Structures are given as structure tokens and as C-alpha cells.
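The values are calculated or read from the model by the stated rules, or taken from the named source; none is laboratory data. What you are looking at is a predicted structure, and each value in this text was computed from that prediction instead of being measured. Virtual Cβ from ideal backbone geometry, glycine too; neighbours counted across all protein chains shown.
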Amino acid sequence: MVAMSTTIITITRQALLARKEVWMTLVTLLLLAAALIGIGLYGALSQQSFVMLMMGLELMLNGVMLAAVAFWALSGAGAPEGQLLTIIVMAVMAIEMAMGFALVVAVYRGKQADMTEALSELKQ
Amino acid sequence: MAVSWLHRLAGLTPVPVFPALGMGGDVVLRRLAQATNIELVGSPRHASVLLVAGGVQPDLLEALRRVHDQLPWPSSSLWFRCEPLPELEDATRIDDIEALPGALAAIHRELLLQRRGSSPRLLPDNPPNPWEGLGDDGHGGEGMMGGVPYGRPMAMNMHDDIRDGLTLDSLTFRIGPFFPAFPPGMSAEVTVQGDLVQSWTTQSLPHLVALDPVFHDARQRSVPIARLELARVRYHLHRLFHGLRLAGWESAALHVLHLAMRLTSDSRADALRRRLERYGFFYLAALDGGVLEVEQARRVGGPASRAAGLDDDLRSEDANYQRLGFSPVFHNAGDTRARWQQILAEIEQSLQLAKQAAREDLHTQNSVAIETPRGPWSDERCPTDASRLLDEIIPGLEWDSALATIASLDIAALSDWPLVEDKPLTRSEERSS
Amino acid sequence: MNHGILVDIAFLLLAVLAVVSGWRVFRTDSMVRASFFLLLSFIAVGAIMLLLAAEYLGVAMFFMMGVEMMVMALFMVMFMMNPAGLNPMVMVHQHRISMGAGVTAFLVLGLMALLTRFPNRPLPAGLEPVASLGHEMLGGSMLIFESAAVVLLATMIGVVVLSSHRGRYGAANEGSLPPGLAPGGDPAGKPKEDQDGGHEHHHHHHH
Amino acid sequence: MILNEMVLPIIVVLAVLVGGAYSVAVMDRVIATRLGAPRAGNPWLSPLTRGAWLLVQQANVTEAPDGRAWRLAPALYLALAATGLALVPWSETLVATDLATSVVLWGSVEALATVVIFLHGWSANAPLALIGAYRYVALGLSYLLISMFVLIGVALPAESLQLTQVVMSQEGLWNVVRQPLGLPLFLVVGLGMTFWGPLNLADSTDLAGGTASEVSGPPRLVWDVARAAMLVAFSGIAASAFLGGWLGPWLSGPLWMVVKMLAVLAVLLWLGRVVPRVAPERCVTGMWVVLLPLAFVDLIWAGVAALWQ
Amino acid sequence: MELLTLFIILLFALGAGWLVQWLPQRHSSMPTYPQRAPFLGGGSPDTHAWNRYHVRYYPMTLLLIAFEMEMMFMYPWAVVYVEEGLKAVMEMGMFLAILSVGIVYAWREGVFKWQ
């Protein structure tokens, strides 16, 4: 405990002296991204409904985007492909969402149509 | 207790008044819309004084109590030509419409200066259903959709959707008789899915509508056509006033009201027509719905029937109207837009008739059957309540076009008593008020 | 004024916000709250991107996700029972497995992040992120950019075909309309067809 | 340095936020009186008395609201207005947040405003407020694209998404002349963002006040102030994007901004009072089928004009 | 620096908005149940208002998501437009033309009407 707090203090002092970030590094950013992906995976697997499952997927893609930007900024020397990758992930997300919801509507409508058909058959 | 400067400052604000209209109460709307220190609000949450205007039938008192309790404190009530509820011991009653703005302002100021306490709550503090601690999860029932959490059941899927067949939950509620966008006194049980009305059942009928005494005179004897036509114009303008207020267009509504107040046989409605057309009332507002079939239109009578293509107007049977070259104007579409266009056209026509009749000093010939602004009126035929018609035409409309349709339809039955309209304000009186 | 320490504090706060709100998404009963917690998580990540000098992506994250989560909330409320969570509910299955999978994913990815040595190549001074992205789009990655348009068009058409109630096989509400007022007449409450519509095909819209 | 770069801009933004909301209330009243509304008393005092009344009125609660979201929504709307105002440049140097992508950040403010207004109506758990909230989303999602197209139009000649650059690119000719379609389209967006006048679909009369129908007391005060503040923020962005921002002879930059913002506000408030409310369905169709193609034309126009120079 | 300023402004506005709501009412008690019932002009609802709300414009929202993605590409394009000149015109023209087809198709299918 003491050791940990000393480390934190040391690092922070270094930060103050060096005038640059010590906590926002590639590793911490990737850890954050991993946490988001982990939570998203949990959500995607555990939720029963399709819409909530999509929420989990979105959270995972959130982590992926963060990682992509972190690489771009800290390890990729600002290569434009890094940004483009993020945009493509965003596009994937948008398409996934739009198609996903359109499917939900279609399926819901289809079920209803089945039900009404079944009902009218029963009547005859 | 010392009154804080905040309360003093608050006392200076224009009085936010929520009007609950009883029989013949709509006259206060027009008076208060022109008062300088009154703000008419659409929800009791935004009001400090509840103004009950006109007689309230006993079966609407429960609803009145509910509205009364929905004003947040500090709040009080004022009763205009209406006996206060017995529970409200120190409620004020007033009968003189000219003193109304002043009385409202006085109540508001007394409330905020804490010389008058807020009205007590009338209804017991109980949830609509007992729920706390009942059932599996303490929400009054079982399962995810069961129970009455916070006192009410959950919304459920009750009706098939009538528009696009995607059936989701529907909401059923009773609305009125003090809903400001409705004709006074009308209430209905409504089911909506999204903002689309799925079913509509009129529950209490709108209050009877009173006509200018000149129409009652016209049934007895010959009256000057100019007077009759001006009274007709005033009636239509008052309806247009409510329609424009509902369309969120206060400045145009006041324009209409001013026109109605200063009506003479030389008045013209050109500026009004220009304004309505130029600023897009007929294109922008929700006027597409509420199409009446010919049969339905006949049941309503009056301008609404002429807006649906009937050229049914008793004035064409009067010899002196014929001398003036009268022939009924009509529109064909039968929807809300056509009804407002019809009203506007009839206002213009009546002004024209009034001007001509005043010049030639013509009187009506026929007193057996006259055309009132509400519809044809004779011994056999009297405009009756048509609010059941709404049950047929409102389902399938979005909320805004449903309300626009209701505002454009004059559906209340005719009262046997003439309107106790108060004398129009003169210019100097208005300045001083 | 020390810049680094402020950025660090902001980063830590935002990281906590991103994770906590991400977690709350699956721990709230209200669908609207869940959608907007997710939005909060996205906004926190967007703000971190801003700290990383990704000025465009960070801000774009706000507006893209603002709209997407708004739409998400609309659909969540539309299709979930008890959308506001007035009644307590549990809508989870295989809870433990999912929990395990989530933790494993975090550990594996976290270890990879900790153990791999990444090259340390920060942004070059004077880089204009937006302009460089624009040049890339119009230059090297032109194909990606144009194919995105085609994919988005396909999405639009797909969305319309799937969700609109007038499919190729006629109106989907056939059979679910209320019976006519008169035999063979229009269904009750059905709005009138307009006469001058430019569409030649049959439809049930209200104009 | 801190004084000039941080303290001064913060003070300016907060002062304009409060003062702007106040002047919106005063101007709206003056315009209403001009248009024939009977209002007595001092227009300078009336916003204060109304504010005082709302402060002493009880805050209403509904049966089972989403309490936190309900109280958060007005505050968030105010915060969004403040964010928008922080982007407005008062002179070449006096600007609180001069991001390289401030135009995009304004787009985000518009998108998030929709979320916040929806939340305000949703949280009350009342039928009419709910209808107002959903209606607003239809509008909010429709004006967004128009606004983005129009703002990309002003970014073309500036070759930047930075609002200060956009202003400087208007040194020779203001965008209101160079791209004549831009400002009228953007004004529609402004009415939409603040659900003002003809585009008041959220808090309309047919819903007895819509999202605000169940709100009273201090939360309603914050809601009203935030709405006015958003109008001010919008006018600041409009003045910078189309009316040359701080540029102008004789007067100093910030003073020019104030004049231009007041002009935009006057037009918006006047429009808010002389046009009736638009039906929601008509509004959505109109925005996608009429205004969006017009925004396309505006962008093409802007593009051609930018290459011509 | 800009971000710090923005953060402080945000915090001020948010804090003020919250305080104004909380301070005057911190001692007040819960209103009665009848007061808390939703306002319906004297009427009352059967159920809670929160429901699976039929959003009548849902196809439009999905279309918007797809179309908004395109805006993501347009902002960087705007910055380099003048520099790249005709090439930018051509590429964006093609991009927009493709997407306009989507809008026209959607309009023809009646997506912008209340379903």
C-alpha cells in the first residue's frame, strides 16, 4: 500500500517536473479500451434482447475506436490511416445500427402478420 | 413574517391565470386576452390563479377539483359567475367582467405578499391504486408488466394499430372538460398509439353555445340585416380567435380579436386574409385532416356543411338577401383547411352584405327560419350537438391535426338563451385598463 | 501552468466516467437511461480523443453518437417491454459465462497492452489532423471513400425496404385492418386517399 | 496570460449567457407589444419579475418521474448553450474555445440538444409531455443535416473548420452575400434548436405546454433561461458564420458582434411571432424534401464561389 | 487550454442550472398525489404514460443514421477542398450523387410521412 502510494507520488512528481503526461500513455489508453471491450462483451453475451445486445456491440466498438486513436496519436506518428480506420469503425457501427433496427422492425412486423394469419385461420 | 424582496418582485409579474371554463365562460378568454396584466396559460402548472368562469355542471365538479389540485402553490382561485365549491371557504366570487382583471391581479398580489394563504388541497392524498409494499417486488403485483407501480398499471398493447399495422403499446386517457384546446365542457376518452389517435369517445358534451340576441330577435321580428351580419361576423371571428391561438399564433389571434371588437359595417377583412395567406397559415398549420362526408357535414350544419360542398344557406330564401344579390359561398374539400377558408370567406361576405344593407337600410323578411352562424334555425330544425361525430372522424389523425379539426368544427348545441355579451371596449377604456 | 498534469487528471476522470457509464448501461432498468449512459461513455471517449489531439474524431464522436444514441433510445423504447423500468426486472441469461468472458477479454487484451512493446512515435509537430485526413481521403484511400458511399446507399435502401410497411408483396398491414363500416367499404378510421398523389401504386398514407 | 486567455473569455461567455437571455426576454416582449399584444409595465423589469415568480413557485413533481433526468435536462440544455457561446469569437484573440473543429463542435451541440429536449419531455412520465418529446425528435433529427450542409458551405472558402478562420475568410465579402441561401436556411435551424415560434413542436399549445406542461417553479425558470441562452448562442454562431463576426469599420470587434447578434435575434424573435406553428409531419417532409435540397444547392453554390476566387 | 476553458464554462453553466433548481426547493415536501397526476384538463389516465411508443417517423431516423455517416466524410473534405480543387469536386460530386439517390428513393417510398 505504502509502496503503491509512493510510486504514484513519484510518478506524479516526475510528471510535474517533466511537464508532460504520465498517466495518459498508450498502455493506460489500451487498458481503458480493453475494459470497455470487456464490458461490451459481457453485455453482448448476457442480454436477452436483440436491442440490448446491440448496445454491447457498440460499447465494444467504442473501445476499438479508442485504441485506434491511441495508436494513431502515440505510436503511429499521425499516419492518416489511423484516423480513417476510426471513421470506418464508426461507419460500421452506423450501418450495423441502421440495419439492425430495420431488421427488428421487419421481424416484429412479421411475427405480428403470422399471428394475424393464424387467427384468421382459426376463425374458419 | 417579513415578505422577502423576491416575493415582492414576483407580485409585479402579469398574473398567470389558468381558465377553467363553465357554461358561457368563454367570454372571459376574450376579455383577458386583451387585459394588459394577465397572462392566460395552458397548463395549471404554469398558473398562480385558477379562474373558474361560468356555471359548472355538478357532474364536472370532480374534474374541477382535480384541476384545482394541480396548481402548484402559491395558488388560489377566483370564481366568475359561478358559486365556489363549498370546501373553499374563503374563495372569492365576482360577477362583473370589467372588474375581473383587477380582481385576478389583487389575488395574485395578496398571495405573493402572503396576505392570503394558498388554496387547500381538495382531494385526499392517496395514490390512484394502493401499491407500496404489495406484491412480489413491492410494486403491487406480479411479473414484469403486472402490478401498479406508483399507483398505476403499466401501459399495454391493447389495440391493433390502425395506420401501419406495427402494433405497439397504446395509451388510454380521459381528457377534458377543462382542457384549454377543447371546446369548453367537452371531454373524451382517447386511445393513442404514438401520437396517432386510435379511438375517440366523446364523454361529456361541449357547453351550449349562446348567440347574439339579434339572432333571437330575428326569430321574432324583422331586424336590420346589417346588425345581423355584423353579429355573424363577430361570432366567426371569435371562433377564428380560438383556432389561431391553438395554432400558436398569438399575434394573429389578437388581430382577429381587435377586428371583432371594433366591428362596424365599414370594417374590412382584407388585412386579415392577407395575413393568414402571406404567413402560411393555410400551408403550414395542421389543416389536412378532419374530412367530413356530405352526410356528416349535414349533421353539423352551418359553415362546416358549406365547407364540404353543400350550398345550404337559409339566407338565400330571404327576399331582402336576394335583393342584395346573396348567394352562398362554399368550398368542396370538407377538411379543416376548407372550413377555415369557408369561415374567412363568410366573414368577408357578411361584411360586404352588412355594408350594402346599411346603405340601403334593409331588414330581414323571413323570421320563421333563419341562418345562424351555427347553422339553420327554425321551429323544426335547430342546431343540435354534433360532438359524437368526432368519434367517427378523429381516429386515424395525429394529435395536432385532431385538435385542429376539433377547433375548426362548431359542434356544440344552441342555447335557448342569448349571449350576455358585454359591451365592447372603447379605445379610451382600453388605454386606461 | 503545467499542461501535463491537467491532461492527466482529465484523462483519469474521463476514463472512470467511460467505464462506469459503460457498466451502468447493463445495470439500469430504464431503456432511455441505458441509451444515454452509453452516450455518456461515448462522450467520455470522445473527450479523451480530444486530449489526444484527435480534434476532428473526438468532436465527430459527439455528434455521431448523439444522433445514434437518440435513435437507439427511440427503438429501445419501441421494442422493449417495460421500457422505463417502472417494474424491477432482470433480462439477463448466462450471466456467469458472460461475466467470465468479459473479464477474460479484459485480462487478455490488458496483458497484451502491458507486455507488448509498442514503438513510441508521437504526433509530428505541426500536423493538421483534419487536413491530413482530407488529403488521405481524396488521395490514397479514395476507393474506400467512394465505396463507403455505395455501402451507405445500400444501407439506406435496405433500411427503407425492411422497415417500411409497404413491401413488394403489398401492405404489411393487410389483414390487420379493422373491418369496413359498410360491406366492402374502407376500413373504419382509414384516412382518405388523396387524389392528386404522384404515386401510381397503392398506399395507405395519410396526407 | 492566464487572465487574457482564460479568465476574460470565461467572464465574457458567462456574462453574455445571462445578459443575452435577459435581452432575449426583453426583445421578445417589445416585439410582442409591437405586434399588438397588450402588455403593461416596464419591459426591462418584466423578465426579472417573472423569474422571481418562478423562483418562489413550487416545483411540481409527477407520479413517477425519472427525477434526476428531469432536473438534469434543463441544466444540460443551459450547459449546451454555454458550450455554443464559448465557440463564438468576439475578436481575433478574444475567444474562449478556439478549436480547429469548432464548427463541428457546434454541430454536436445541435445533436445533443435533441437528446436533452427529448429527455425533458420523457422524464415527466405524462402523456402530453411524451408526445411533445417525440415530436421534437422528428424535428431535431431533420434540421441537423441542413445545418451541417450550410456550415460546411461556410467552411469551404475558409479552408478550415475553425470559426475564427471562417470569420477571417469573410474579410472581403460576408458569407451572407457570397452564399445567399445559407443564412435563411440556418435561421430555420435556429428556430428548430430552440423550438421557437413556428417550430415550437415540443412545448406547443395543443399539448398544454408539451414537455414543459408538468414543469413549474425553478426548473421551469432554468428551462426558459436555457432556451433563451441557446437562442443567443445560435445568433453568435450565425453572426460569425454569415455576417462577418467581429469584422466591420468604426466599432471595435466585440461591439460589432453584439450588434450583429442583436440583429439576428431580432429577426428570429420576429419570425417566432408572425408565423403559425408548422404541423410536425409537414415539418419533417419540408425539411427533407425542400430545405435539404436547397442546402445541397447552397453547398454547390459555395463550392463554385470558393473555386472561382 | 481551450478545453480547460470550455470545461470551466460547462461546469459553471451546469452547476448554476442545478443550483437554481435545488436551492429554493430543498426544504419542500412532496406534493399530494392528486397534484402529481398528469394534467389532462381534469381527466385522468388509465396507465403510466411510459410505453412502447409508436414512433411514427422511425424509417426517417434510420435513413438519417446512414446519411449522417456521410457528413463524417464531408468535414475533412471541406478543409482540403480549395487546395485539391477539381479532384475534390469530382469525388464529392460522385459521393453526394450516390447518396442523393438514396434520399430520392426514400422520399418516393414515403419515408418522411408519419407511418
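Evaluate the stretch D:74-90: report whether one residue or more is within 7 Å of another protein chain (Cβ to nearest Cβ) and not in a helix (DSSP H, G or I). No, every residue in the stretch D:74-90 fails to be within 7 Å of another protein chain (Cβ to nearest Cβ) and not in a helix (DSSP H, G or I). Given the condition under 29 Å from B:Pro224 (Cα atoms), surrounded by 18 or more Cβ atoms within 10 Å (Cβ to Cβ) and away from chain D (no Cβ under 14 Å), answer yes or no: does some residue in the stretch B:289-298 qualify? For the stretch B:289-298, residues under 29 Å from B:Pro224 (Cα atoms), surrounded by 18 or more Cβ atoms within 10 Å (Cβ to Cβ) and away from chain D (no Cβ under 14 Å): absent.
Of all residues assigned to the stretch E:83-94, none qualifies as being under 24 Å from the mean Cα position of the chain (by Cα), surrounded by 14 or more Cβ atoms within 10 Å (Cβ to Cβ) and either more than 7 Å from chain C (Cβ to nearest Cβ) or modelled with pLDDT of 85 or more (or both). Condition (residue is out of contact with any Ser or Thr (no Cβ under 8 Å at 6 or more places or on another chain) and without any contact (Cβ under 8 Å) to a residue 24 or more places away in the chain) applied to the stretch D:218-241: is it met by at least one residue? No.
Note on the stretch E:41-57: residues that are within 23 Å of the chain's Cα centre (by Cα) and either of a type in the set (Gly, Ala, Ser) or more than 14 Å from chain B (Cβ to nearest Cβ) (or both) amount to 1. Out of C:Asn82, C:Asn87, one residue alone is more than 9 Å from chain A (Cβ to nearest Cβ), touching a helix residue (DSSP H, G or I) at 6+ places or on another chain (Cβ under 8 Å) and not acidic (Asp, Glu). It is C:Asn87. Annotation note: of C:Leu6, C:Leu38, C:Leu57, C:Leu17, the sole residue that is surrounded by fewer than 19 Cβ atoms within 10 Å (Cβ to Cβ), in contact with a Leu (Cβ under 9 Å, 6 or more places away or on another chain), assigned to a helix (DSSP H, G or I) and modelled with pLDDT of 85 or more is C:Leu17. If you filter the stretch B:232-255 down to residues that are touching a residue at least 60 places away in the same chain (Cβ under 8 Å) and hydrophobic (A, V, I, L, M, F, W, C), you find that the one that is farthest from the other protein chains (Cβ to nearest Cβ) is B:Val233.
Note on the stretch D:186-217: among residues that are part of a helix (DSSP H, G or I) and on the phi > 0 side of the Ramachandran plot, the one that is surrounded by the fewest Cβ atoms within 10 Å (Cβ to Cβ) is D:Gly197. From the list D:Ala59, D:Ala37, the one residue that fits, being crowded, with 21+ Cβ neighbours inside 10 Å, small (Gly, Ala, Ser) and assigned to a loop (DSSP other than H, G, I, E, B), is D:Ala59. When B:Val197, B:Val192, B:Val233 are screened for being assigned to a helix (DSSP H, G or I) and aliphatic (A, V, I, L, M), only B:Val233 passes. Residues of the stretch E:8-40 that are part of a loop (DSSP other than H, G, I, E, B), facing chain D (nearest Cβ under 7 Å) and surrounded by fewer than 19 Cβ atoms within 10 Å (Cβ to Cβ): E:Ser28, E:Met30. Taking the conditions (1) within 14 Å of another protein chain (Cβ to nearest Cβ); (2) farther than 22 Å from B:Ser187 by Cα; (3) assigned to a strand (DSSP E or B); (4) hydrophobic (A, V, I, L, M, F, W, C) in turn, B:Val52 satisfies each one other than (2).
Every residue, every condition in (1) over 24 Å from D:Thr49 (Cβ atoms); (2) part of a helix (DSSP H, G or I); (3) within 14 Å of chain C (Cβ to nearest Cβ); (4) at pLDDT 85 or above, yes or no:
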{"residue": "B:His68", "(1), (2), (3), (4)": "yes, yes, no, yes"}
{"residue": "B:Ser77", "(1), (2), (3), (4)": "no, no, no, yes"}
{"residue": "B:Cys82", "(1), (2), (3), (4)": "yes, no, no, yes"}
{"residue": "B:Glu89", "(1), (2), (3), (4)": "yes, no, no, no"}
{"residue": "B:Pro101", "(1), (2), (3), (4)": "no, yes, no, yes"}
{"residue": "B:Glu132", "(1), (2), (3), (4)": "yes, no, yes, no"}
{"residue": "B:Met145", "(1), (2), (3), (4)": "yes, no, yes, no"}
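Exactly one residue among B:Arg268, B:Arg232, B:Arg274, B:Arg262 is of a type in the set (Lys, Arg), assigned by TED's automatic domain parsing to the domain that holds B:Leu409 and crowded, with 23+ Cβ neighbours inside 10 Å, and that residue is B:Arg232.
When B:Gln322 is tested against the conditions (1) among the polar types (S, T, N, Q); (2) part of a loop (DSSP other than H, G, I, E, B); (3) without any contact (Cβ under 8 Å) to a residue 12 or more places away in the chain, the lone failure is (2). Has the stretch D:104-115 got any residue that is touching a strand residue (DSSP E or B) at 6+ places or on another chain (Cβ under 7 Å) and either among the β-branched types (Val, Ile, Thr) or modelled with pLDDT under 95 (or both)? For the stretch D:104-115, residues touching a strand residue (DSSP E or B) at 6+ places or on another chain (Cβ under 7 Å) and either among the β-branched types (Val, Ile, Thr) or modelled with pLDDT under 95 (or both): absent. Within the set D:Gly197, D:Gly182, D:Gly140, the sole residue that is over 19 Å from D:Gly107 (Cβ atoms) and in contact with a Gly (Cβ under 9 Å, 6 or more places away or on another chain) turns out to be D:Gly197. Please tell me if C:Met72 is under 19 Å from D:Ala113 (Cα atoms), at the interface with chain D (Cβ under 10 Å from one of its Cβ atoms) and touching a residue at least 24 places away in the same chain (Cβ under 8 Å). Answer is no for this residue. Is there a residue being over 30 Å from C:Leu52 (Cβ atoms) and either of a type in the set (A, V, I, L, M, F, W, C) or facing chain B (nearest Cβ under 9 Å) (or both) anywhere in the stretch E:62-80? Yes, because at least one residue in the stretch E:62-80 is over 30 Å from C:Leu52 (Cβ atoms) and either of a type in the set (A, V, I, L, M, F, W, C) or facing chain B (nearest Cβ under 9 Å) (or both). Among the criteria (1) assigned to a helix (DSSP H, G or I); (2) without any contact (Cβ under 8 Å) to a residue 40 or more places away in the chain, the one E:Lys113 does not fulfil is (1). Screening the stretch B:390-421 for residues that are hydroxyl-bearing (Ser, Thr, Tyr) and within 20 Å of B:Phe173 (Cβ to Cβ) and picking the one that is surrounded by the fewest Cβ atoms within 10 Å (Cβ to Cβ) gives B:Thr405.
Against the list (1) facing chain D (nearest Cβ under 8 Å); (2) of a type in the set (A, V, I, L, M, F, W, C); (3) in contact with an Asp or Glu (Cβ under 7 Å, 6 or more places away or on another chain), the condition B:Leu284 fails is (3).
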